[in-house]
Amino acid sequence: MTLLDSWWDLRDLGHAVAAFLEWLGDRGVPSWLPYLVSTLVGLMALLLWALLSQLFFIWAERRLLARIQVRLGPNRAGPFGLLQPVADALKVLSKEMITPRGADKVLFWLAPIGVVVPAIVALGVIPFGQRMVLADLNVGLLFIVAVSSTATLFVFLAGWGSANKYSLLGAMRSVAMLISYEVVQVLALLAVAVFVGSIRLGDIVSWQGRYNTWLIFLQPLGLLGFLIASSVEVNRTPSDIAEAESEIVAGYHTEYGGIRWGMFQMAEYIAGFVVAATVAVLWLGGWTLWGLEEWVPGWLIFLIKLYGVFFLFIWLRGTLPRLRIDQLMGFAWKFLLPLMLLNVLLAGLEMVVWKETEAPAEVVLPIWAVGNIAIGVGLVVGWALLMGHLRPRNRPARSLLVREVGQIYYRPLEEV
Amino acid sequence: MGTRLLSGLELAHRLERVMPGVVVEAVPEWVEVSPQAVVDVGRFLRDDPELEMNFLSCLTAVDLLDHFEVVYHLQSLRHNHLMVLKAKLWERESPELPSVASVWPGAHLQEREAYDLMGIRFRGHPDLRRLFLWEGFPGHPLRKDWLGMPGQRMPGLETFPGEPEWRGEGRG
Amino acid sequence: MEVGLEHFLVIGALLFGIGLLLSLSKRNLIGVLMGIELMFNGANVTLVAFARFLEGAEALAGQVLVVFAITIAAAEAAVALAIAMALYRRRQTVDVDRADILRG
Amino acid sequence: MTGVGEVAAFWILATITVGSAVVVALVRDLVRAVVALVGSFLGVAGLFILLSAEFLAVVQVLIYAGAISILMVFAIALTPRSARDNAETAMRWLALALALAMVGLLIAVATVTEWGPQAKEGFQETASAIGEALLNRYVLPFEVASVLLLAAMLGAVVMVRED
Amino acid sequence: MVGEPLVINVGPQHPSTHGVFRLKLTLDGERILDCEMVMGYLHRSMEKLAEERTWTQNIPFTDRTDYLSAMTGNLAYCLAVEKLAGIPVPPRAHWIRTIMAELQRFASHCMAIGTFVNDCGAWHTPLLYMMREREKVLDLFELACGARLTTNYMRIGGVARDLPPEFLPRLRELVKELPQRIAEYEELLVENEIIVARARGIGVLSAEQAIAYSVSGPMLRGSGVAWDLRKANPYAAYEQVEFDIPVGVHGDCYDRFLVRLAEMRQSVRILEQALDMIPSGPVQTPVPLALRPPPGEAYGRIESPRGELGFYVVSDGGPSPFRFHIRSPSLINLTPLPEMVRGLTVPDAIITLGSIDIVVGEVDR
């Protein structure tokens, strides 16, 4: 009953919870009560954090995007527009929820809930601090992937149940993308698991703490693959083709309004937080910061890393255009998948060599770090060249400048 | 330097040489041909190496009360000269002439526009439907005798006929 | 109240039975496939329950067998759905009753 | 298994699992049937956790709820609307009788058989143990399974190829 | 959806149709089997309205056809009427018209490129960068004529009023700044891997097709046809300035985008020369308010940002046009769209439409 035992293992939310439970235990209450209390406290804390973070990041995203786009962003409601997300939330709450005629009412109603729940559940295994985790599963890594993957079904149902062709197109796109990118995502995580030898998130963090290194140095390629695959999975620009605004209006949630739409928005943010948290745990050392965690609360370090990764998504959103779906799928299968396979192989080889030679970590890890970064860069560049990303067809040209009218300079693209 | 406007008189001579009897009237600014021959004339004008009127700049129709005039502005990109070709239709109820969309595909939408607003039927047009107004709109508003909507709604305008009734199709 | 091996076995049996009913009675190939998946699940519950409750050195074998069962179920689902697609493409139907001709 | 939480969890999960499976059998719309099926899969995953097989539970969610259900809705979406009916064939009563007989037999076997001493404690950690077992004792079936997956993948590709 | 074509309506209310315009796409999955254009949602029957108003009163209509390029609309109409009535235009007015037309071209191309990259999926960033420069141009318009969008600045026989004294210094400042900005756009967009991947080889229109379909402007030039009315049939003061015609090679969306970007540079070049060459003097030939041009017809055409914008006016000697026809480049450039998008996917159709750069006010008039 390991899992059930660890449910109440939420000691670092504050020693308050532990003390409270101890107090309860002293009173001789039935054994299931502390269980229930700690679970509820942990859940409330997670939900509260997720909601507040989300509210803050709605504001932060709008302000940052505005900065990127040489404008000001929301600045009217409250100081620096900080109350803007509150106003938005109130507006969303008070709007009418329309169910389109011809929609499958059950699916239409179920989909927003089904999208939000997995995102929140996945938060449950994230270690926010040394002992601040709702359930430190020994299969934590797999758990995140598994739970996140169920959200896609509900994305599909949202599109399917809406009786809208744009929604249906968005749903088909999201399913096609999930099938492609989940493979990449799992392979990227697998390489980390091979390195650490465990898929318990707490172990991964303590491994990085023990060797005073971050896996970003040892697994740069894996991080790249994971970031790209996750940005596809959580539907953020540049890979938001399931809800591509300029093409299929809003994709699978075209027909949603009011709080149901808000649920999709919430799911997008929380799934983004889960991804950012995964990156922070796996590649950025979680709550550790080379000894600083002795002085600063671990959760603070962790949250700073998490928000930093999330900022990256915002930055990408403000910067990049969107790929077409076949290009995105091709990118997954032809580019990322081979690289991730090689990466897993490389990680396995390195671990074997390390185990066999029994060299000290201070020697081996720097070598692997330098080697992996070099190999990573080399593989990405080499593969891009091999795939023909620098062919003359793709090399940008300037238009010709002519002075006389009447001539024709047309040449079909194939002849180049 | 600039686009040369070809003389209608000279063009008339050329056309008469190739297709006798096709020119109805010619003045320095334009040349008028018989409506039934516009496709042949157009093809000749487009293919003749000296003229090479390969660019249909503008196609429109004018209601001159007793007749309609279809005006073609033709441009040669290589020789940089322009000409004005006209065809007059003396039929008021259902004016009709051949479509030049087979010669200049660029006439496609312009002919549809002329049909929509002026009511000129272009025979042989691949897809002659109204362009801006919906099927069933009463009359052709650019005609001089189209007097608009006198005080009340025109018959046939009570409902917006563009969209079919939603019939409760299933999902997807 | 105690929950023991028998409870899980009954759950497994019920899942298997419902799966059997589905796969025998459904007209649609995808419906049949759902029934087969349910039968798989019933068997898996039984196996895991045995692995949990029966004492012995080989207790983990039940779980390992379930890993294989899930793997094979995934492969089987992929192939079955490919059959459904191919069937539809060739014969414009996914009705198993009308797919009894072996000619393509 | 005697704890209040465990017993309650068992009954809730059992209800979800079997209830969802019944809904799959009853509902006429195929997509809704898939949703109910996912409910059943998730219930089974919960039962796995109760049986201290959390690795299997996660795999169950990942493969069944995450992948197979998606494949099914994809297949439903790619076949036309007319083929989305979840109707029964003429053999339904016979099938029902057969299924009932089967269930009765299985339940009888389950309850009548004396299963011997039952383990009181579950496993502590199964993920690494399963990993060890797969790569030592069961390495041959493991390889065979991988070949099977490859064959299935190729077969699926060949079958749906546009020709 | 196998064997079951899916019909989707892109528009009339859609983020990427740039107005109320509708594409009816018949799809197989995401592949386009057929495309039908439905327009007229913004039809205001300007051609009929113009027959009821005097020649001068019609100038505001020309603002409102192509509302992103009001100056060029004014200019083309005024040229047509001047040609019809034989009205001379003072040289300073010619130069003012040239300056305004080129500023307008710059502003319009800013919108065209910005929305095109938006259609490629960028989240408004390039559009807002370009809006920044467009704002400055619109500020200049406001300085000159008090309006930013629908300027109504040109008059038959000249322009409405002379430039205010601070106009030219501010224009000089702007002209100094713009080349850096264009360099910034080029750096951001031209070599952007995603834009190249999205736009290269999409929506190809060969030179022959382009000529046959009567497309004009950047679309024609993008297909490799060197044709620009400013060179071919110079009007206003274009004969006296030096500039090049940017020409694409492959006729795809990317080339049309490049041509627009290069044209922005050429516009700045023309503005630089105009600043030095603009003479002083009157800006308008006195024209009677109730102008009665002699019976006849005239076809005045210019190179608007979207292509050949022509006004075919017929006079019967009365105070208002007998026939007033607008040869709108937006409408005619749409003619080959179904050909261009057939066999592509929905996102490709969107960027192809974006690269044509229509203004629905001009399509429907």
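The values are calculated or read from the model by the stated rules, or taken from the named source; none is laboratory data. Since this is a predicted model, take the numbers as computed values, not measurements. Glycine also receives a Cβ, built like all others from the backbone with ideal geometry; neighbour counts cover every protein chain displayed.
Structure notes:
- Taking the criterion of being under 27 Å from the mean Cα position of the chain (by Cα) and in a loop (DSSP other than H, G, I, E, B), the residues of the stretch E:286-307 that qualify are E:P305, E:R306.
- For the residues A:G285, A:G262, the requirement of being in a helix (DSSP H, G or I) and touching a residue at least 12 places away in the same chain (Cβ under 8 Å) singles out A:G262.
Here's the yes/no breakdown for (1) surrounded by fewer than 20 Cβ atoms within 10 Å (Cβ to Cβ); (2) over 18 Å from the mean Cα position of the chain (by Cα):
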{"position": "A:S174", "(1), (2)": "no, no"}
{"position": "A:V183", "(1), (2)": "yes, no"}
{"position": "A:V192", "(1), (2)": "no, no"}
{"position": "A:R210", "(1), (2)": "yes, yes"}
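- A single entry from A:E247, A:E255 fulfils the requirement of being in a helix (DSSP H, G or I) and either more than 23 Å from A:V147 (Cβ to Cβ) or of a type in the set (S, T, Y) (or both): A:E247.
- Top-ranked residue in the stretch E:252-261 [being at the interface with another protein chain (Cβ under 7 Å from one of its Cβ atoms) and touching a helix residue (DSSP H, G or I) at 6+ places or on another chain (Cβ under 6 Å); ranked as modelled with the lowest pLDDT]: E:D255
- Identity of the residue in the stretch E:325-353, under 18 Å from E:Y67 (Cβ atoms) and not in a helix (DSSP H, G or I), that ends up nearest to the other protein chains (Cβ to nearest Cβ): E:R327
- Any hit, the stretch A:154-165, residues being at pLDDT 80 or above and touching a strand residue (DSSP E or B) at 6+ places or on another chain (Cβ under 7 Å): yes
- The selection criterion, being in contact with a Pro (Cβ under 6 Å, 6 or more places away or on another chain) and not in a loop (DSSP other than H, G, I, E, B), does not hold for B:L59.
- Taken over the stretch E:13-51, the criterion of being of a type in the set (A, V, I, L, M) and either in contact (Cβ under 8 Å) with a residue 40 or more places away in the chain or farther than 19 Å from B:F137 by Cβ (or both) is satisfied by E:V20, E:L23, E:L25, E:L27, E:I32, E:L33, E:M37, E:M39, E:L42, E:M46, E:A50.
- Pairing residues of the stretch C:18-39 that are farther than 14 Å from C:E76 by Cα with residues that are among the hydroxyl-bearing types (S, T, Y) and not in a helix (DSSP H, G or I), at Cβ distances under 7 Å and at least 6 apart in sequence or on separate chains, gives C:S25/D:T89; C:R27/D:T89.
Conditions tested, residue by residue: (1) at the interface with chain A (Cβ under 9 Å from one of its Cβ atoms); (2) buried (at least 17 other Cβ atoms within 10 Å of the Cβ); (3) of a type in the set (A, V, I, L, M).
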| site | (1), (2), (3) |
| --- | --- |
| D:G3 | yes, no, no |
| D:I16 | no, yes, yes |
| D:V24 | no, yes, yes |
| D:L37 | no, yes, yes |
| D:G46 | no, yes, no |
| D:I49 | yes, yes, yes |
| D:S52 | yes, yes, no |
| D:I70 | yes, yes, yes |
| D:L96 | no, yes, yes |
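- Selection over the stretch B:125-143 of residues that are more than 13 Å from every other protein chain (Cβ to nearest Cβ) and crowded, with 22+ Cβ neighbours inside 10 Å gives a count of 0.
- Given (1) more than 14 Å from chain A (Cβ to nearest Cβ); (2) at pLDDT 85 or above, index of the condition D:V59 fails: (1)
- Residue tally, condition within 7 Å of another protein chain (Cβ to nearest Cβ), under 18 Å from E:P246 (Cβ atoms) and buried (at least 22 other Cβ atoms within 10 Å of the Cβ), over the stretch E:186-203: 1
Table: residues versus (1) of a type in the set (D, E); (2) farther than 30 Å from E:E339 by Cβ.
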position: E:L27; (1), (2): no, no
position: E:E30; (1), (2): yes, no
position: E:D34; (1), (2): yes, no
position: E:K48; (1), (2): no, yes
position: E:E51; (1), (2): yes, yes
position: E:A85; (1), (2): no, yes
position: E:I96; (1), (2): no, yes
position: E:G114; (1), (2): no, no
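- Looking across A:A111, A:A146, A:A77, one residue alone is under 21 Å from the mean Cα position of the chain (by Cα), among the small types (G, A, S) and more than 9 Å from every other protein chain (Cβ to nearest Cβ). It is A:A111.
- Exactly one residue out of A:S38, A:S94 is more than 26 Å from A:E233 (Cβ to Cβ) and in contact with a Leu (Cβ under 6 Å, 6 or more places away or on another chain): that is A:S38.
Residues checked against (1) modelled with pLDDT of 80 or more; (2) under 15 Å from A:S167 (Cβ atoms):
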{"position": "A:R236", "(1), (2)": "no, no"}
{"position": "A:I241", "(1), (2)": "no, yes"}
{"position": "A:V249", "(1), (2)": "no, yes"}
{"position": "A:F264", "(1), (2)": "yes, yes"}
{"position": "A:Y269", "(1), (2)": "yes, no"}
{"position": "A:A276", "(1), (2)": "yes, no"}
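- Screening the stretch A:10-124 for helices (runs of 4 or more DSSP H) wholly inside it with 3 or more residues that are at pLDDT 85 or above returns the ranges A:32-68, A:84-94, A:105-123.
- Residue match in the stretch E:165-172 (condition: touching a residue at least 40 places away in the same chain (Cβ under 8 Å) and aromatic (F, W, Y)): no
- Test: residue in the stretch E:107-127 that is among the aromatic types (F, W, Y), surrounded by 22 or more Cβ atoms within 10 Å (Cβ to Cβ) and more than 14 Å from chain A (Cβ to nearest Cβ): no
Residue-wise test of (1) within 24 Å of A:L342 (Cα to Cα); (2) modelled with pLDDT under 85.
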site: A:M132; (1), (2): no, yes
site: A:A135; (1), (2): no, yes
site: A:L168; (1), (2): no, yes
site: A:M172; (1), (2): no, yes
site: A:V175; (1), (2): no, yes
site: A:S180; (1), (2): yes, yes
site: A:V186; (1), (2): yes, no
site: A:L189; (1), (2): yes, no
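- Among the conditions (1) assigned to a helix (DSSP H, G or I); (2) surrounded by fewer than 24 Cβ atoms within 10 Å (Cβ to Cβ); (3) in contact with a Pro (Cβ under 8 Å, 6 or more places away or on another chain), A:I304 misses just one, which is (3).
- Within the stretch E:32-53, considering residues that are of a type outside the set (S, T, Y) and at the interface with chain B (Cβ under 7 Å from one of its Cβ atoms), the one surrounded by the most Cβ atoms within 10 Å (Cβ to Cβ): E:M39
- Residues of the stretch B:97-124 that are outside any loop (DSSP other than H, G, I, E, B), surrounded by fewer than 19 Cβ atoms within 10 Å (Cβ to Cβ) and touching a residue at least 60 places away in the same chain (Cβ under 8 Å): none at all.
- For the stretch E:232-251, the candidate set comprises residues that are without any contact (Cβ under 8 Å) to a residue 24 or more places away in the chain and part of a helix (DSSP H, G or I); within that set, the residue that is nearest to the other protein chains (Cβ to nearest Cβ) is E:A232.
- Residue list for the stretch E:1-28, filter: within 8 Å of another protein chain (Cβ to nearest Cβ), part of a loop (DSSP other than H, G, I, E, B) and not polar (S, T, N, Q): E:M1, E:V2, E:G3, E:E4, E:H14, E:P15
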